[in-house]
Amino acid sequence: MKFTVAKREVDLQPIHVLYVLAILLLFVIALTLAVALATFVLTGGFSMEDFLIIQVDFLGIFSIISTPVLAFLLLRFSGILKMKNNVAFCRSLAASDAVISIGLALLAVLAGFAFGLYTLQELPSAAIALAGNTLSSLAGAIVMYLWLLLILKPDGKRAKETGIKAGIFAIVYFMIHGVIVVLLSHAADDLVAVQLDWENIRFIISNFMFAFPLLYFMKEKEDREAYLLFAGLFIGAELMYGVNTLLADAGGWFWILEIALAIAELGIIYALSKKDILKTF
């Protein structure tokens, strides 16, 4: 199946979908075994309760680097398909990742109705949630594609310069997010202090990993089609989640703030992508 995305031809092949699915399954199995081993080492035994607790902590740490790790594995074992690692292959892999993610989200919704977890009255909410997952999966596929390209043809000097910009983004966005948290807590008469604890450190690293591949490939000469596509998918996903929250009457107007933060994220990354931005720091 061939199609064009942001002036880039994508040749999605079924064998690549199966390959990505196989790597994902092996990935999940390896993580499960690692959590089981960690449970035994840390507790001296094995119980499902301890396993689930450690799994949450383990996945919380590993989720930060899961995309580049998966991208590395996909390129590392591509010889199984006797495929040459090139840009066309990376595009097909990224598209395959999106197909799998969207397919799993659709199966989850269908299973929910089949097993009575959802009712027909909840169909609009389920459809909007599925739309949000679809847009998020497509945006995630773009990030995956960028990581694949980065690993395919690494550039140490460029990576160093990008690392500085991504670090600036992560810190600036953390500060903005922290100020908002403090202001909202003050408005609710429950003032909290933002501390540099593990959760916030993970938040900073996660934002660094999100911005890095975007900044790495952003050029002074604008690629408007690609920029607008990613921005539309990223903000569109937040919009769908916000509408779903509104329908569920949970969180009030705070979903608007999430959309504003998503726009701010992309705005900061776009500003940092300019070559002369570092002169202001």
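The values are calculated or read from the model by the stated rules, or taken from the named source; none is laboratory data. Not measured: the values here are computed from a predicted model. Note that each Cβ is placed from the backbone with ideal geometry, even for glycine, and that neighbours are counted across all protein chains shown. Quick note on the areas: whole protein, heavy atoms, side chains included, nothing else; ligands and nucleic acids left out. Shrake-Rupley method; radii C 1.70, N 1.55, O 1.52, S 1.80 Å.
For the peptides 150-163, 64-77, 203-216, residues were scored by their other Cβ atoms within 10 Å and the scores averaged per peptide; the highest-first order is 203-216, 64-77, 150-163.
FRET efficiency for N200 and K2, Cβ-Cβ distance as r, R0 = 45 Å, nearest 0.05?
Values: r = 44 Å, r/R0 = 0.99.
The computed FRET efficiency comes out at 0.50.
The simple spin-label model puts a point 7 Å past each Cα toward its Cβ; for L110 and V28 those points are separated by 1.6 nm.
Rounded, prolate or oblate, given the Cα gyration tensor of region 20-148, with a/c below 1.5 counting as rounded? Display every interim value, and only then the final one.
Values: a/c = 2.22, a/b = 1.01, b/c = 2.20.
Taking the square roots of the gyration eigenvalues as a ≥ b ≥ c, region 20-148 is oblate.
Accessible surface computed residue by residue for the chain, with neighbouring protein chains in place and a 1.4 Å probe, gives 59 Å² per residue.
Going by the alpha-carbon gyration tensor, a ≥ b ≥ c the square roots of its eigenvalues, is region 1-60 rounded (a/c under 1.5) or, if a/c is not under 1.5, prolate (a/b greater than b/c) versus oblate?
On the way: a/c = 5.66, a/b = 3.23, b/c = 1.75.
Prolate, since a/c reaches 1.5 and a/b exceeds b/c.
Computed over the alpha-carbon pairs of region 111-236, the distance histogram in 10 Å steps reads 11, 27, 29, 24, 9, 1 percent, short to long.
With respect to the cross-link table entries K82/K157; K2/K153; K82/K219; K157/K274; K82/K274, which display a Cα-Cα separation exceeding 28 Å?
On the way: K82/K157 31 Å; K2/K153 24 Å; K82/K219 33 Å; K157/K274 16 Å; K82/K274 39 Å.
Flagged as over cut-off: K82/K157; K82/K219; K82/K274.
List the relative contact order of the chain as a percent without decimals, with contacts defined as Cα pairs under 8 Å and 6+ residues apart. If you can, show how the numbers build up before the last one.
Values: 235 pairs, mean separation 57.9, N = 281.
Computed over the chain, the figure is 21 percent.
Within the listed set F169, F217, F234, the residue fluctuating most in the Gaussian network model of the chain (springs between alpha-carbon atoms under 10 angstrom) is F217. For the chain, carbon and sulfur atoms together expose 70% of the accessible surface, with a 1.4 angstrom probe and every protein chain in place. The residue among L24, M1, F210 whose Cα reaches farthest toward the positive pole of the charge dipole of the chain, with charges on the beta-carbon of Lys, Arg, Asp and Glu, is M1. The H on the amide N of V10, modeled in the peptide plane, is under 5 Å from the matching H of F3, T4, V5, each at least 5 residues off or on a different chain.
Please list 235-244, 18-27 highest first by mean number of surrounding beta-carbon atoms within 10 Å per residue.
On the way: 235-244: 19.9, 18-27: 16.0.
Sorting 235-244, 18-27 by mean packing, highest first, produces 235-244, 18-27.
The charge dipole of the chain, taken about its Cα centre with unit charges on the Cβ of Lys, Arg, Asp and Glu (plus for the first two, minus for the last two), comes to roughly 1620 debye.
Nearest 500 deg cm²/dmol is fine: what mean residue ellipticity at 222 nm does the chain get from its DSSP H runs of n ≥ 4 alone, each adding -39,500 (n - 2.57), divided by its residue count?
Working: 9 runs with 209 residues, N = 281.
Computed mean residue ellipticity for the chain: -26000 deg cm²/dmol.
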